[in-house]
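Structure, as structure tokens:
The values are calculated or read from the model by the stated rules, or taken from the named source; none is laboratory data. These figures come from a predicted structure and were not determined experimentally. Don't worry about glycine lacking a Cβ; one is built from the backbone with ideal geometry, like all the others, and counts go over all protein chains shown. Please note that ligands, DNA and RNA were not included when accessible areas were found on the heavy atoms of the full protein model with its side chains. Shrake-Rupley method; radii C 1.70, N 1.55, O 1.52, S 1.80 Å.
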Amino acid sequence: MDELIAVFIQEAREHLEAFEQGLLSLQRGESGDEMLNAIFRSAHTIKGAAGAVELRAIERFTHVLEEVLDAMRSGSTDASAETVDLLLASGDHIAAMVDQLEANPQAAGEALDDDGESLRERLSALSGKTEPLSAEAAGVAEPVGAPTDMGGCWHVSVRFGADVMRQGIDPAALVRYLGGQMNIRHLTTITEGLPTAEDLDPERCYLGFEIDLEGAQHKAQIEQAFDFVRDECELRILPPESLIDDYIELIRALPEDDMYLGEILVSAGVITRAELARGLSLQEASGSGAPIGEILVDNGAVTPEVVHAAVAHQARAADHAHRESRLLRVPSDRLDALIDLVGELVIASASAQLFAHESGSGALVEANASVARLVEEVRDSALQLRMVTIGETFKRFGRVVRDTARDVGKTIELDIKGADTELDKSVVERLSDPLMHLVRNAIDHGIENTDERIAANKRSAGTVTLNAYHDSGNVVIEVRDNGRGLNTPRIQEKAIERGLVNAEQTLSDSEIHQLIFEPGFSTSSQVTSLSGRGVGMDVVKRSIVALRGTVDVSSEPGQGTCFALRLPLTLAIIDGFLVSVDASCYVVPLDNVVECIELDAGQTYGNVLRLRGEVLPIIHLRELFEVRSAPPRRQNVVVLQAAGMRAGIVVDALRGEFQTVIKPLGQLFRHLRGISGSTIMGNGEVALIVDVQNLVAVAANQCHARHDTGHRKTLGHSAPEQSRESAGV
Amino acid sequence: MAHAPIRISGDMTIYRAGEIKDLIFDAMAREQNIEANLDEVTRIDCAGVQLLAVAHAEAERRDKSFRVVGVSQAVSDMIGLLNLEHLIDGPLIMDPVQGASHG
């Protein structure tokens with residue numbers, strides 16, 4: 001039961017996502033009908049799934065929702081902004097019910113409902129403009145081509161040819177026959193074709209029927225009832241609504257790869273052989289080369305969505321990938337376990353190689369080398385498993401932009417680029433909040449009011465662009481708006497006010513822009529519900545830095561602002577630089593390393609080194625990590641850069657580049673400062689991964705403190721205390 | 001104004017459609033209100049049904065009235081089958097809504 005619920009939760013969320021995306025694109029006016037069908041199917045699937053796991057509350061609610069969608073499909077309800085809003089709110093409600101369900105699967109029952117009551121009433125008001133009964137009565141008045149939707153009913157629409165009765169066939173007899181075979185739920189006789197009395201040829205047939213049939217197994221069964229008059233009448237048989245989805249499923253599941261479209265439809269039972277043959281002869285006769293699918297739809301033999309599914313099946317078959325059907329759902333913890341194991345394997349393989357070298361056996365070295373190569377490949381493909389496209393995350397912002405923009409009364413479009421860019425799932429997950437903040441900020445502060453935009457000769461609708469691309473082993477994600485740009489003088493003013501910079505300091509525009517990442521910095525004179533509370537950019541920056549990434553901002557007055565987040569492709573592996581102090585090894589992420597130099601004692605002043613005339617704060621790892629042995633005669637400095645600041649760390653030896661798998665620190669070491677993780681080297685020893693951000697901040701603080709107090713004493717043990725402050729934020 | 005009664009008996013099928021057509025519309029040409037008694041109709045097919053439908057439409061077009069005042073079992077069955085109860089209104093009227101849901 002629990003597992004079923006879990007599957008339901010996951011599927012429901014996926015469908016809700018699709019539902020929401022569909023509504024949003026519908027509102028943007030994209031391909032109405034098709035989109036509406038997709039939305040309907042999402043809702044329909046949720047309903048079905050909820051029913052299957054006996055979540056009656058969700059099923060009931062979704063049913064009402066589905067009715068509105070159905071009314072929209074039949075054109076009796078418009079996709080007005082209000083309707084879409086209501087539908088979105090309903091989607092939220094279902095999501096809330098799903099959340100509730102997840103929080104407490106035991107309460108998987110009626111308790112979930114309640115709040116939905118008013119929503120449900122509003123939905124019913126939308127869909128239920130006509131009572132079900134009077135809808136049928138209305139069918140008598142305007143019956144032509146208006147199939148009454150009746151759950152599992154086939155719809156048969158037939159118009160008889162002029163000579164049917166003369167040939168001795170009474171249409172009523174056919175109806176009687178059908179009624180004997182199956183259950184006629186409803187029948188409307190079409191008399192609209194009748195002429196006036198003068199023109200009436202009493203032996204000619206002018207009638208037609210619209211019939212809702214229950215109990216037919218397949219299309220051919222209905223068709224054969226009309227065998228005698230087949231050539232004399234126009235016959236259309238539409239499968240039940242519920243079957244359309246089944247057909248689509250069926251078509252998707254067809255194993256054959258390279259069938260003709262018609263064959264696909266026939267083998268799924270959507271059309272009969274006879275219908276296909278007629279369609280094909282029509283196609284031949286018309287000579288227009290219209291696709292068979294189109295002809296069949298025009299003939300009413302199939303509904304467009306079924307043909308779409310069939311065409312998609314064909315396309316997928318052609319495209320050898322079969323991607324959709326080959327997707328595999330894997331619990332993420334299994335994947336993590338695999339990657340952990342691969343990490344171990346990399347280490348074990350390195351160690352095997354080491355010993356192979358020591359053994360001096362050529363064959364062993366060679367064998368190990370090929371093992372190592374394979375291990376590398378395995379590692380790469382394992383890491384690839386965790387890669388997801390950023391598109392999913394981006395798409396979610398459609399709703400955010402829409403809602404937020406409306407809250408602040410602006411018209412804003414979201415433009416998504418590079419949705420195919422892949423990056424590690426764990427990075428994506430942790431990106432969502434910072435991105436949210438940046439997007440909201442862009443909407444609230446970046447983009448001007450409509451009036452302002454018009455005054456500035458810009459398009460009244462603003463644009464927020466989300467872009468992602470790969471750049472030399474990193475992923476860059478941009479949040480760009482075409483708004484007013486950063487107010488550079490005001491930022492400077494504020495910064496001076498807050499004592500972040502001196503009034504005399506000459507700063508470049510970009511240096512000033514970086515100031516917005518300072519804690520508590522906000523230029524907004526107005527606090528809105530969205531942003532401007534003075535917390536924000538620093539939080540964004542911290543979360544990106546925690547992902548070993550960086551944030552940059554660039555801005556052109558009047559043109560807009562662009563935040564660029566630069567992130568590593570994966571968190572699990574780094575290109576490191578191995579250094580050592582005494583017997584312990586440390587890994588510094590290579591990206592942070594600027595240069596390595598030998599420590600020149602003549603140029604050091606306490607914790608400061610003079611490097612080519614500039615002052616560089618340094619940290620002795622030996623002191624920081626309290627290594628008790630005496631320093632060697634020659635020490636080295638690794639110059640590091642992080643978050644725009646530089647610092648040097650003094651180490652004993654430089655060991656070179658080292659690609660490694662990061663192992664997070666255990667809970668016990670959570671409060672350890674200056675270390676962000678660990679790794680195991682080929683020889684089985686542990687190397688600690690240096691937390692560069694933290695160290696650089698500590699070093700800079702030391703320098704700062706020294707400046708402030710003016711004394712030249714070395715700071716030694718006060719450093720960790722300051723680092724605690726900065727680490728604890 | 002007096003009601004002009006017409007009576008159709010026996011077959012009301014394609015074989016007699018021409019004849020019945022003349023019967024109905026000749027009456028309609030002469031009279032304002034026509035009452036058709038179908039209680040002796042033994043068989044009816046779609047041709048007969050068509051005639052009834054046209055008679056109704058025609059009467060309306062010409063601002064006259066055409067009513068069916070009696071139906072046989074055969075007529076009633078056929079009308080029920082084709083869901084055309086509005087063609088035989090009058091004393092035998094059936095609720096079209098009801099008819100629809102059971103039809």
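Pop the C-beta distance of A:ARG56 and A:ALA630 into the FRET formula with R0 = 60 Å and round what comes out to the nearest 0.05. So the FRET efficiency works out to roughly 0.20.
Restricting the trypsin sites (Lys or Arg not before Pro) of the range A:580-625 to loop positions (DSSP other than H, G, I, E, B) with no more than 15 neighbouring Cβ atoms within 10 Å leaves A:ARG612.
What the Cβ-Cβ distance of A:GLU452 and A:GLU344 gives, at R0 = 56 Å and to the nearest 0.05, is a FRET efficiency of 0.45.
Approximating the spin labels as points 7 Å out from Cα along Cα→Cβ, the A:GLN217-to-A:GLN100 distance works out to 4.5 nm. Contact order, relative form, for the range B:1-64: 46 percent (alpha carbon pairs under 8 Å, 6 or more residues apart, mean separation divided by residue count). Magnitude of the charge dipole for the range A:345-497, about its Cα centre and with charges confined to Cβ atoms of Lys, Arg (+1) and Asp, Glu (-1), is about 600 debye. The length gained by stretching the chain between A:ALA125 and A:PHE228 to full extension, at 0.36 nm per residue less their Cα-Cα distance, is 32.5 nm. Between A:ALA564 and A:ALA583, full extension at 0.36 nm per residue minus the direct alpha carbon distance yields a gain of 2.8 nm. Given their separation in residues at 0.36 nm each and the Cα-Cα distance between them, A:ALA601 and A:VAL365 gain 80.7 nm when the chain is fully extended.
Of the peptides A:381-389, A:61-69, the order by per-residue mean of other Cβ atoms within 10 Å, starting with the highest, comes out as A:61-69, A:381-389. Only alpha carbons enter this Debye calculation for the range A:553-597, each as an equal point scatterer, and the log10 of I(q)/I(0) it gives at q = 0.20 Å⁻¹ is -0.79. Modelled this way, with points 7 Å down the Cα-to-C-beta line, the labels at A:ALA173 and A:ALA372 are 9.0 nm from one another. Extending 7 Å from the Cα toward the beta-carbon at both A:GLU392 and A:ALA89 defines two label points whose distance is 3.0 nm. Over the C-alpha atoms of the range A:392-442, the Rg to Rh ratio, Rh being the Kirkwood estimate, stands at 1.00. With the whole protein complex present, A:ASP33 retains an accessible surface near 120 Å², based on a 1.4 Å probe. Using the Cβ of B:TYR15 as centre and a radius below 15 Å, the other residues enclosed give a net charge of -2, where K and R count +1 and D and E count -1. For A:ARG373, the accessible surface of its heavy atoms amounts to roughly 130 Å² (probe 1.4 Å, protein chains only, rounded to the nearest 10).
In the complete set of protein chains, residue-level accessible area for A:ASP691 is approximately 40 Å², probe 1.4 angstrom.
The mean number of partner chain beta-carbon atoms within 10 angstrom of a residue's beta-carbon across peptide B:71-81 is 1. The calculated FRET efficiency for the pair B:ARG7 and B:SER65, based on their C-beta separation and a Förster distance of 25 Å, comes to about 0.90. For the residues of A:164-177, the average number of beta carbons from a partner chain within 10 Å of their own beta carbon is 4. Packing around the peptides A:695-702, A:97-104, A:188-195, taken as the average count of other Cβ atoms within 10 Å per residue, puts them in this order, highest first: A:695-702, A:188-195, A:97-104.
Legend: mean number of C-beta atoms from other chains within 10 angstrom of residue C-beta atoms, peptide B:49-60, equals 5. Using the Cβ of B:ALA74 as centre and a radius below 12 Å, the other residues enclosed give a net charge of -4, where K and R count +1 and D and E count -1.
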